[in-house]
Amino acid sequence: MLKIVKSPLLWLVLGFGCLLGLVITRNPPVVFIFIVGISLLILFCRYPRVGLYFFLVSALWERMVFTEQFAVTLTGGKMIGWLAFAGWLYNFLITKKVELRATGQEVALGAFWLLCFASGLWARDSAMFWRMMFTLTQLIMLYYLINTLIRTTSELKTLLWVVLLCILLSSTISLFQYIGDPNVRAAGLSRNPNYISPIVIFGACIVVLLNKTTRSEKLKIFFIAAFIIILASLILTFSRGAMVSLAGVILYWIITEKRKAKALILLSLLALVFLMIAPERFYRRMATISEPVADASMENRILEAKAAIIMIQNNPILGVGWGNFSANYLTVVTPIEIMPRQAHNTYLEVTAELGIFGGMIFLWIIINTWKGFSRATSKVPPGNWLNDASRFLKMGFLAYLVVDVFMNAQTEKYFWILIALGSTLKGIGDETNKLDRDYLPEIGPPPRELTE
């Protein structure tokens with residue numbers, strides 16, 4: 001880091017950037033952003049992994065909208081994402097410090113991107129289409145950043161720490177939101193409460209995973225506190241889909257856990273904490289799961305699902321265009337509320353927008369990710385940390401797969417982080433297995449006296 005600060009080239013570039021910014025814009029805030037951008041670009045070129053971490057943190061920054069003008073003029077996450085990718089390209093093309101490795105997702109991701117791009121030819125809302133294509137391109141960039149820069153278990157642990165701290169920040173803000181107004185559904189830094197629910201389940205999985213590797217009493221206390229904060233924020237979302245997802249994750253955990261007695265004891269303690277902190281409003285909202293007609297939100301979602309099915313029936317091959325479900329919603333149903341809506345079902349929305357073939361490619365990506373987690377588990381012995389990482393991160397991915405039935409998450413960053421981690425763990429598992437084989441002693445033929 002000191003080498004970069006002392007570099008004459010850095011100060012020359014910054015001085016040129018400042019002069020150029022003043023000449024072109026004569027606007028000090030723009031000049032400041034320009035200088036910060038150049039500084040970050042140089043930093044990311046020198047340390048590409050730092051660029052990845054900045055990208056992950058800036059995904060939260062995007063949600064922190066202080067004023068309407070701030071939201072329109074500056075989207076920090078997108079800017080930093082492109083700078084991180086530029087730093088990655090510099091190390092891939094020029095310094096050769098970054099190498100591509102086969103992930104098994106190349107064909108599926110390429111086909112999905114091309115199909116989404118081609119759907120713009122018939123998209124009703126072209127502005128939304130281009131916005132969604134921009135987001136999808138950045139998500140695929142994020143996928144390759146993770147897969148090429150995270151190559152060892154120590155790097156994976158660092159990445160998980162960064163993700164956990166981001167989730168913990170959002171969860172803490174959720175608590176303050178509820179304290180400020182008990183009538184709101186806490187959303188943290190996400191767009192709405194439904195979007196943070198699978199994120200915090202993912203965070204809980206990371207807490208348990210990292211706790212298994214530490215012997216520090218202080219860190220164990222930190223992980224207990226983090227788990228309670230994350231659990232409380234999950235409850236305060238009042239999300240019915242989140243509870244169904246949590247039930248699925250717990251069931252999977254019990255099935256795959258060898259020490260089932262210990263798992264049941266921990267589950268009992270978890271249920272006790274859950275009952276102690278859950279407000280009465282939570283139970284009232286959960287009761288609407290069995291009575292969907294009594295809740296307007298559930299009625300809307302049933303209508304949205306019907307609209308998606310009609311779109312699939314009317315456009316089974318091509319779909320209505322990437323990101324264009326909302327633009328076509330009012331043309332196929334008569335809604336309860338006259339406003340464009342989303343399908344609140346990732347699988348139906350993707351299929352409605354891209355056709356049956358597009359829906360199948362999306363499922364192909366999901367299956368490849370699940371197989372990546374499973375392969376990593378099978379490549380290392382049960383006591384290895386990588387085995388635990390594969391199992392607990394698979395639980396986080398399972399949380400998204402269940403919640404995807406109740407919301408649209410095809411462009412959510414944390415969903416794509418898990419898709420990337422499936423391929424990353426597969427690669428680390430393959431490398432670990434290869435190293436183990438390389439270090440096996442050579443075994444010659446049996447002694448002659450044993451063969452006679």
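Taking amide H as placed 1.01 Å from N in the peptide plane, the amide H of Ala343 sits under 5 Å from none that are at least 5 places away or on another chain.
The order of Phe223, Phe176, Phe44, going from fewest to most other C-beta atoms within 10 Å of their C-beta, is Phe176, Phe223, Phe44. Residue order for Lys218, Lys97, fewest other beta carbons within 10 angstrom first, comes to Lys218, Lys97. Sorting the segments 156-166, 194-204 by their mean number of nearby beta carbons within 10 angstrom, highest to lowest, gives 194-204, 156-166. Our analysis of the range 135-249 gives Rg over Rh at 1.01, with the two radii drawn from alpha carbon positions and Rh computed by the Kirkwood formula. Counting neighbouring beta carbons within 10 Å and listing from fewest to most, the residues Ile150, Ile255, Ile302, Ile312 come out as Ile255, Ile302, Ile312, Ile150. Give the shape of the range 104-432 as rounded, prolate or oblate, defined through the alpha-carbon gyration tensor: a ≥ b ≥ c are the square roots of its eigenvalues, a/c under 1.5 means rounded, and otherwise the shape is prolate if a/b is larger than b/c and oblate if not. Oblate.
Bear in mind that the values in this text are calculations on the coordinates, not laboratory data. Note that the structure is a prediction, hence the values are computed from the model and not measured. Neighbour counts are summed over all protein chains in view; Cβ atoms, including those assigned to glycine, are modelled from backbone coordinates with ideal geometry.
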